[in-house]
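A single structure is presented below for examination.
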Amino acid sequence: MPFTSYASRPYAPQPSAGRREWIALAVLLLPCLLVSMDVSVLYFAVPFLTAQLEPSSVQQLWILDVYGFVLAGLLITMGALGDRVGRRRLLLSGALLFGLASGLAAYSGSAETLIAARALLGVGGATLMPSTLALIRNLFHDAKQRGKAVAIWSAAMMGGIAVGPVLSGALLEHFWWGSVFLINAPAMVLLLVCGPLLLPEFRNPAAGRFDLPGSLLSLLAMLPLVYGIKEIARDGVSALPLVALSAGLLAAAAFVHRQRTARHPMLDLELFRHRGFSVSVLMNLLAMFAVVGCAVFFTQYLQTVRGMSPLEAALWNLLPTLAVGGMTVVATSLAQRMDRAYVIALGFAIAAGGFIWLSWLEPGSALWYVLVASSVYASGLVMVMSLGNELAIGVAPPERAGSASALLESGTELGGALGMAILGSIGSAVYRGHMDDALPAGLPHGAADAARETLAGAAAVAGELPGRAGEALLSVARTAFTDGLQTAVLAAAGVMALAAALAIALLRGLRTTEGGGPDGAQAGEAGEAAEAASARRPGRVS
């Protein structure tokens, strides 16, 4: 059913969610937390699994990256599949796969087995993420309640990324490296038990046949794009990442053409004609660009500049996330009282202010200074992402919620990869430039190259130098890194200021009728009322 068909439908009052729906939301937060945690939970375990499995350098990179590659590549496919086979069915299938793959990863006896297990985890994660957000769209028909539910979901997703390293560090102090994966299993069992009892089934009866060629094209687009961006962020510009980016862009163009001409396309491209959806995807991409791009610097600053242990750094890194959790509710409340364009712009402006604050950071700055500045920018970005998620899901027709969720999350994946590549490259360029001018004389050629490349390399070289020579090198490297951080966060502040202006220009006047969807279209709410009532009838699966 085309997206535009909803615009002419009369508005009907929407049923309010009760206790059952809110308990169901709590169940849906389990996969959301775990999938986002698995992006970061492995970082501290690498030295332990390396000692046991002895992976090559290439295998180690694949152990770290294959999960994110597969997750990003399959999001669109799984979102469209959930619209066809049923979102609850796909969610529970993904939970089973995620739990089994977690067990396989925990007891892997070789690097190859662990890589395969991480790939399976990516497949499971790709089924879970769009299904959770799409089911929220179907559980909460009232716009105000849905806004609160999506805000809670957004906070859980952000929290999972921050909790991952803390949980990993705590487990590794008491158990073997496989425990960072095994923690997923009990949560997946709980989801498999509670899901059928609390979550209704939803599918699009008019979706048609599954578009297999479109699915392959989406995979061929996302995988090389994410791979190319991450490789450029890690090793700089070279031939292979550029070829991957070119191939990904060509596949993306072919995918769009396929969706425009196929009889039963995976995606309704009409979604992008609605400014509420298309601009929300852009806003989330820009927000994640800043979150991921700057998180890399923040973690290194705490560990290598301030000398914290990984677990200690992860615990301090968690504080800003916990401090701003309530901003999702604040953003939702403000958006109900004023034009959401100005609330989103306010979030970007707050984030820009936090980044400008961080641009004055020095190696010896007080810890409270770092934490407060990080809390400021995180507060703004949490506001943006919670409202962006709510708006994008609210304007999507209910039978297309899975595809809409997948598109939204694909945008955040690309935003994070771009943030690592662009902001990381800016910081690295400044670091290397300063190190070229300030390296102590007399360093061996190999040691000078290592110190010039990264702060971690400089710290390793400094540890091998006697007395004051090592201290001098480390001091120079920490100053150079902080200078790179200052430049990168100023670039992020500039992007946030531009994003604030875009939010006002592109979203201003986007009205939300009482209980309905944005722009007077009611986002399919009238049709959804009948769908929701029908879905509650015994024996009926919509």
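The values are calculated or read from the model by the stated rules, or taken from the named source; none is laboratory data. Not measured: the values here are computed from a predicted model. Cβ: placed from backbone, ideal geometry, glycine included. Neighbour counts: every protein chain shown.
State which residue is modelled with the highest pLDDT when the search covers only region 155-189 and only residues that are in contact with a helix residue (DSSP H, G or I) (Cβ under 9 Å, 6 or more places away or on another chain) and in a loop (DSSP other than H, G, I, E, B).
GLY178
Looking at this structure, is ALA155 in the same structural domain as GLY178 (by TED's automatic domain parsing), in contact (Cβ under 8 Å) with a residue 12 or more places away in the chain and crowded, with 24+ Cβ neighbours inside 10 Å?
For ALA155, the condition - in the same structural domain as GLY178 (by TED's automatic domain parsing), in contact (Cβ under 8 Å) with a residue 12 or more places away in the chain and crowded, with 24+ Cβ neighbours inside 10 Å - is not met.
Among the candidates GLY415, GLY411, GLY484, GLY442, single out the residue that is at pLDDT 70 or above, farther than 30 Å from LEU139 by Cβ and either crowded, with 24+ Cβ neighbours inside 10 Å or not basic (Lys, Arg) (or both).
GLY484
Something else about it: Mind counting the residues in region 364-376 that are closer than 16 Å to ASP483 by Cα and surrounded by 16 or more Cβ atoms within 10 Å (Cβ to Cβ)?
So the count comes out to 2.
Let me ask another. Take the conditions out of contact with any His (no Cβ under 8 Å at 6 or more places or on another chain), part of a helix (DSSP H, G or I) and over 12 Å from ALA185 (Cβ atoms) and apply them to LEU104. Does it pass?
No.
Quick one: TYR301 ticks every box in (1) part of a helix (DSSP H, G or I); (2) in contact with a helix residue (DSSP H, G or I) (Cβ under 6 Å, 6 or more places away or on another chain); (3) in contact (Cβ under 8 Å) with a residue 40 or more places away in the chain bar one, so which box is it?
Failed condition: (2).
Output the number of residues of region 121-137 satisfying the condition of being modelled with pLDDT under 80 and surrounded by fewer than 24 Cβ atoms within 10 Å (Cβ to Cβ).
So the count comes out to 0.
Right, next: Six or more apart or on different chains, Cβ under 8 Å: which pairs go from a residue in region 364-376 that's among the β-branched types (Val, Ile, Thr) to one that's surrounded by 14 or more Cβ atoms within 10 Å (Cβ to Cβ) and not in a helix (DSSP H, G or I)? Could you list them?
From region 364-376, the pairs are VAL370/LEU361.
Go through the residues of region 448-466 one by one and say whether even a single one is of a type in the set (S, T, N, Q) and assigned to a helix (DSSP H, G or I).
Looking through region 448-466, none of the residues is of a type in the set (S, T, N, Q) and assigned to a helix (DSSP H, G or I).
Tell me, yes or no, whether region 191-212 has at least one residue that is touching a helix residue (DSSP H, G or I) at 6+ places or on another chain (Cβ under 9 Å), under 30 Å from ILE422 (Cβ atoms) and part of a helix (DSSP H, G or I).
Looking for residues that are touching a helix residue (DSSP H, G or I) at 6+ places or on another chain (Cβ under 9 Å), under 30 Å from ILE422 (Cβ atoms) and part of a helix (DSSP H, G or I), one finds none in region 191-212, hence no.
So which pairs qualify, if the first residue must be in region 103-121 and touching a residue at least 60 places away in the same chain (Cβ under 8 Å) and within 13 Å of GLU54 (Cα to Cα), the second must be crowded, with 22+ Cβ neighbours inside 10 Å and hydroxyl-bearing (Ser, Thr, Tyr), the Cβ gap must be under 7 Å, and the two must be at least 6 apart or on different chains?
LEU114/SER108
Which condition breaks for GLY424 when tested against (1) more than 22 Å from the chain's Cα centre (by Cα); (2) more than 23 Å from GLY147 (Cα to Cα)?
GLY424 satisfies every listed condition except (1).
Please verify whether MET308 is within 30 Å of VAL476 (Cα to Cα) and not in a helix (DSSP H, G or I), treating the condition exactly as stated.
yes
So PRO31 fits all but one of (1) at pLDDT below 75; (2) assigned to a helix (DSSP H, G or I); what number is the exception?
Among (1) at pLDDT below 75; (2) assigned to a helix (DSSP H, G or I), PRO31 violates only (1).
Can you tell me which condition MET338 does not meet? The list is (1) out of contact with any helix residue (DSSP H, G or I) (no Cβ under 7 Å at 6 or more places or on another chain); (2) part of a helix (DSSP H, G or I), and all the others hold.
(2)
I need the full set of residues from region 107-143 which are of a type outside the set (Ser, Thr, Tyr), assigned to a helix (DSSP H, G or I) and touching a Ser or Thr at 6+ places or on another chain (Cβ under 8 Å), in order please.
Within region 107-143, ALA111, LEU114, ALA117, LEU121, ALA126, MET129, PRO130, LEU133, ALA134, ARG137, ALA143 qualify.
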